[in-house]
Amino acid sequence: MEETPRSGIIELAVVLRFVDIATDALAQAREEIDALNVYPVPDGDTGTNMYLTVSAARDAIREAADGSPNGDRDVALAAFGRGALLGARGNSGVILSEMLGAIARRISAATPEERNAQVMAEALRRATEASYAAVGRPVEGTMLTVARAASEAAVALAADPSVRARDVFTAAARAAREALARTPEQLQVLKDAGVVDAGGRGLSVILDAAETALTGRRPVPVTSPLGRHAIPIPHAGAVPEHDLSPDGPAYEVMYLLDATEAAIPALRTTLDGLGDSLVVVGGDGLWNVHVHVDDVGAAIEAGIEAGRPHRVRVTHFAEQVAEARHGRGRQRDGRRIVAVAAGPGLRALFEEAGAVVVDGGPGRRPSTGQVLEAITACGASEVVVLPNDADSVRVAQIAGQMVENDPDLDGQVRVAVIPTQAQVQGLAAIAVHEPARTFEQDVLEMTATSRHARHGAVTIAARQAMTMAGPCEPGDVLGVIAGDFAVVGQDLDEVAGSVLGRLLAGGGELVTLVSGESADGLAERAAAWVDRHHPHVDVVVYDGGQERYPLLLSVE
């Protein structure tokens, strides 16, 4: 698509093309970047973390755009920034999320009077400034240095009024590659290992993707001062064993934090005194916090003092570094279930059944990277995935294909995705899971059971719309059957009874009712309805805690 040199409106189609190219490029470079990872901790996951971050942002903008390049660009860009923030992993991923968010905000603020080249150069400059501000103690020779070189080249070129955005990114990408090649001159640990900075390499891959998205050209490699290869990668045995030992705090602590902006300076000060590699990014009440510490409890308590920490992740570096050194090809055995859960009660139900749970649900569906991480981290040689949501099925299938094609795993992991369309179908499937069966037999039984579970739901209309059951207004009660709106009413109990009646019209032996957040006894009243109208049918009631749906139902 030809860009308009004097229009300050960057089209959504261009952004969507970029995120697809960047995600694919990081997927291909992930193993290479992981191998470069010797600073700040040689845990071999920088490429994976940056891939997961961009993948989460890509999934978020795709969902917001609803698959169309003609969607609301600013809404999609806001979702892109938030997706990066929520999906950020590791030190490099958190920094990258701040960069991506800054770029998205600057594009959204562009006016028709501004040239695209100016907008994009300014976006890169703001991304660099945001990344330096987010890091507690910036270190040169890292992705920060690479970002600064790229933005400086972009700003200098954009001063020429004849320059297009494509030229800006060509200059930025080349400057990034040149700065990356110089990183070993700035960090002794990189020079000793014979590598360039891993985070800088990941950022260079992303800028190359931006150049490709705008020009269609593949960038020309830059020769490294360490040798004839563009990007030196340590070979087995090239780096002494002691050089790869963690030097510093023992744990990585990450969490999302609900807090006011006023609480963040004190949090930064406290965490900076506890450890290193501190990065705090975010805004509008939501922050992503990353720090390396020895005292995990103190780091989490600092978050509690500042606001409400959640999705806490703690990594012990000694174990992670050992895994990185010996590769991911460790012996895998057993069978595990990976299930997407839409609420705390549903999470507990799946965990009690032995599943590895990925949080999801309407408005926060998991990314491909999150499902991929769950599959690879569970350590099993056979994995069954229950997406439990129609929109998450494809995400799970892509993650499964990536695992089975991963050369590091060398065919050690078999993945089967059962296309469960609803949480209650997932519950039905996991209820018949039997590890003693063969993998094929277990998958077949779980698939058949989930398909035989007729499912429905009760929800509240958020806006005026035309449904298959007729028009609805905000506040109307909607009955859902097999993913389609089938009932429009005013009373929760009446709509729930109508949905149950239709599901039970074809017979059934077991009704499963899952109570949602603020359901106010609806599930219990629905169970009483079944007892009155179908006394021969068994009923089980669970507290799912899911948002938006006061009641989920299934009939088996």
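The values are calculated or read from the model by the stated rules, or taken from the named source; none is laboratory data. These numbers come from a predicted model, not from an experiment. Cβ coordinates were reconstructed from backbone atoms using ideal geometry, including for glycine residues, and neighbour counts include every protein chain displayed. Heads up: the accessible areas ignore ligands, DNA and RNA and are worked out on the full protein's heavy atoms, side chains in. Shrake-Rupley method; radii C 1.70, N 1.55, O 1.52, S 1.80 Å.
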Exercise. In this structure, does Asp208 turn out to be among the acidic types (Asp, Glu), over 19 Å from Gln28 (Cα atoms) and touching a residue at least 40 places away in the same chain (Cβ under 8 Å)?
Worked result: no
Seminar exercise, completed: Of the residues in the stretch 4-26 that are modelled with pLDDT under 85, out of contact with any Pro (no Cβ under 8 Å at 6 or more places or on another chain) and over 20 Å from Gly101 (Cβ atoms), the one that is most open to solvent (accessible area, probe 1.4 Å) is Arg6
Exercise. When the stretch 491-505 is examined, which residues are found to be touching a Lys or Arg at 6+ places or on another chain (Cβ under 7 Å) and either farther than 16 Å from His452 by Cβ or open to solvent by 30 Å² or more (accessible area, probe 1.4 Å) (or both)?
Worked result: Asp493
Exercise. Would it be correct to say that Ala149 is in contact with a helix residue (DSSP H, G or I) (Cβ under 8 Å, 6 or more places away or on another chain), closer than 29 Å to Gly282 by Cα, touching a residue at least 24 places away in the same chain (Cβ under 8 Å) and in a helix (DSSP H, G or I)?
Worked result: yes
Exercise. Taking the stretch 445-460, which residues are more than 16 Å from Ala390 (Cβ to Cβ), open to solvent by 10 Å² or more (accessible area, probe 1.4 Å) and not in a helix (DSSP H, G or I)?
Worked result: Ile460
Exercise. Would you call Glu382 without any contact (Cβ under 8 Å) to a residue 12 or more places away in the chain, acidic (Asp, Glu) and at negative phi?
Worked result: no
Problem set entry | Qualifying residue in the stretch 92-100 (condition: assigned to a helix (DSSP H, G or I), touching a Leu at 6+ places or on another chain (Cβ under 6 Å) and at pLDDT 85 or above) | yes
Problem set entry | Residue among Arg148, Arg166, Arg174 that is open to solvent by 60 Å² or more (accessible area, probe 1.4 Å), over 26 Å from Ser277 (Cα atoms) and under 31 Å from the mean Cα position of the chain (by Cα) | Arg174
For this session: For residues that are of a type in the set (Gly, Ala, Ser) and outside any loop (DSSP other than H, G, I, E, B), scanning just the stretch 429-444, find the one that is least open to solvent (accessible area, probe 1.4 Å).
Result: Ala429
Exercise. If you go through the stretch 504-536, how many residues are more than 18 Å from Leu349 (Cβ to Cβ) and in a loop (DSSP other than H, G, I, E, B)?
Worked result: 11
Exercise. Helices (runs of 4 or more DSSP H) wholly in the stretch 310-406 with at least 3 residues that are modelled with pLDDT of 80 or more - which ones?
Worked result: 344-352, 368-377, 390-404
For this session: With the condition kept exactly as written, say whether any residue in the stretch 522-537 is open to solvent by less than 50 Å² (accessible area, probe 1.4 Å), within 36 Å of the chain's Cα centre (by Cα), over 18 Å from Val480 (Cα atoms) and not aromatic (Phe, Trp, Tyr).
Result: no
Problem set entry | Test: Ala127 is part of a helix (DSSP H, G or I), open to solvent by 10 Å² or more (accessible area, probe 1.4 Å) and among the aliphatic types (A, V, I, L, M) | no
Seminar exercise, completed: Scanning the stretch 258-281 residue by residue, those part of a strand (DSSP E or B), modelled with pLDDT of 90 or more and open to solvent by 20 Å² or more (accessible area, probe 1.4 Å) turn out to be Asp258
Problem set entry | Pair list, Cβ under 6 Å, 6 or more apart: the stretch 28-44 residue among the β-branched types (Val, Ile, Thr), other residue part of a helix (DSSP H, G or I) and open to solvent by 20 Å² or more (accessible area, probe 1.4 Å) | Ile33/Arg201; Val38/Val189
